[in-house]
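The values are calculated or read from the model by the stated rules, or taken from the named source; none is laboratory data. What you are looking at is a predicted structure, and each value in this text was computed from that prediction instead of being measured. Every residue, glycine among them, receives a Cβ derived from its backbone with ideal geometry; neighbour counts consider all protein chains shown. Note: areas computed on protein heavy atoms with side chains; ligands, DNA, RNA excluded. Shrake-Rupley method; radii C 1.70, N 1.55, O 1.52, S 1.80 Å.
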Amino acid sequence: ARTAQGLATQVPDYAQRLMERFWPGPLTLVLKAQTSLHWDLGETNGTVALRVPDHELALELLGDIGPMAVTSANTTGDPAARTVDEAVAMLGESVGVYLDGGPAGEGEPSTIVDCTGETPVTLRLGALSQEDIDAALAPEEPEPGQADEATRPDGEQELDYEPDTNPYGPGATPEDMPTLDSTGCPSPVVAPAA
């Protein structure tokens with residue numbers, strides 16, 4: 001998720017939350033590309049689609065060399081290759097290096113979410129459902145039974161001092177304490193005229 005800031009600009013908070021929740025994993029986020037990004041991605045209208053795969057060998061490779069511009073291992077219209085042999089049969093010598101990480105899973109493709117606007121727009125549902133995305137973006141609610149730290153279970157406000165160490169005497173309440181003026185000094189007490 002930290003690397004995304006170097007590849008994309010104007011990363012909204014909701015996109016950051018999706019990254020933290022689903023990466024590495026089957027989520028692709030479309031973001032506005034950094035102008036300094038000089039990858040030949042074809043015509044993308046100034047966007048870049050980012051994903052962090054949940055595959056040990058791929059993560060090790062990315063850790064060694066950094067972000068890569070990649071595409072799925074298939075020709076247009078054909079299903080993605082699941083083994084290195086299928087990839088070689090489909091792509092042949094148009095690929096310079098094949099890295100055999102074993103057979104790919106039978107999982108669905110990644111879910112693609114456009115994060116270039118004020119709100120996310122799901123472009124393609126895949127391994128993550130819309131419910132998964134919505135749940136990750138829902139405001140966090142306090143857990144049941146979790147009381148406000150400043151409130152006691154009986155609803156009374158917690159005291160911000162220990163009564164037995166109160167400099168204004170045991171049992172003194174905030175109302176017993178002098179008020180402070182704008183300089184932080186106790187305000188003078190003025191007795192009403194007789």
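Taking first residues from segment 6-28 that are charged (D, E, K, R) and partners that are open to solvent by 50 Å² or more (accessible area, probe 1.4 Å), no Cβ contact under 7 Å between residues at least 6 apart in sequence or on separate chains turns up. Counting the residues of segment 43-61 that are part of a strand (DSSP E or B) and either without any contact (Cβ under 8 Å) to a residue 60 or more places away in the chain or within 22 Å of residue 84 (Cβ to Cβ) (or both) gives 2.
Taken together, the residues in segment 1-42 that are farther than 17 Å from residue 122 by Cβ and in a loop (DSSP other than H, G, I, E, B) amount to 15. Among the conditions (1) over 21 Å from residue 8 (Cα atoms); (2) open to solvent by 40 Å² or more (accessible area, probe 1.4 Å); (3) not in a loop (DSSP other than H, G, I, E, B), the only one that residue 64 does not satisfy is (1). Listed by first and then second residue, the pairs with beta-carbon distance under 6 Å, at least 6 apart or on different chains, first residue in segment 98-109 and over 12 Å from residue 83 (Cβ atoms) and in contact (Cβ under 8 Å) with a residue 40 or more places away in the chain, second surrounded by 12 or more Cβ atoms within 10 Å (Cβ to Cβ) and of a type in the set (A, V, I, L, M, F, W, C), are 107/127; 108/127. Checked across segment 115-128, the condition of being among the small types (Gly, Ala, Ser), on the phi < 0 side of the Ramachandran plot and in contact (Cβ under 8 Å) with a residue 60 or more places away in the chain holds for at least one residue.
Confirm whether residue 72 is more than 33 Å from the chain's Cα centre (by Cα) and small (Gly, Ala, Ser).
Working: more than 33 Å from the chain's Cα centre (by Cα): no; small (Gly, Ala, Ser): yes.
Against the criterion (more than 33 Å from the chain's Cα centre (by Cα) and small (Gly, Ala, Ser)), residue 72 does not qualify.
Set side by side, the residues 106, 93 differ, and just one is acidic (Asp, Glu) and touching a Lys or Arg at 6+ places or on another chain (Cβ under 8 Å), which is 106. Taken over segment 9-20, the criterion of being open to solvent by less than 50 Å² (accessible area, probe 1.4 Å) and either among the aromatic types (Phe, Trp, Tyr) or at pLDDT below 95 (or both) is satisfied by 9, 14.
This table checks each residue for (1) β-branched (Val, Ile, Thr); (2) surrounded by 13 or more Cβ atoms within 10 Å (Cβ to Cβ); (3) touching a strand residue (DSSP E or B) at 6+ places or on another chain (Cβ under 8 Å).
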site: 7; (1), (2), (3): no, yes, yes
site: 22; (1), (2), (3): no, yes, no
site: 30; (1), (2), (3): yes, yes, yes
site: 47; (1), (2), (3): yes, yes, yes
site: 88; (1), (2), (3): yes, yes, no
site: 97; (1), (2), (3): yes, no, no
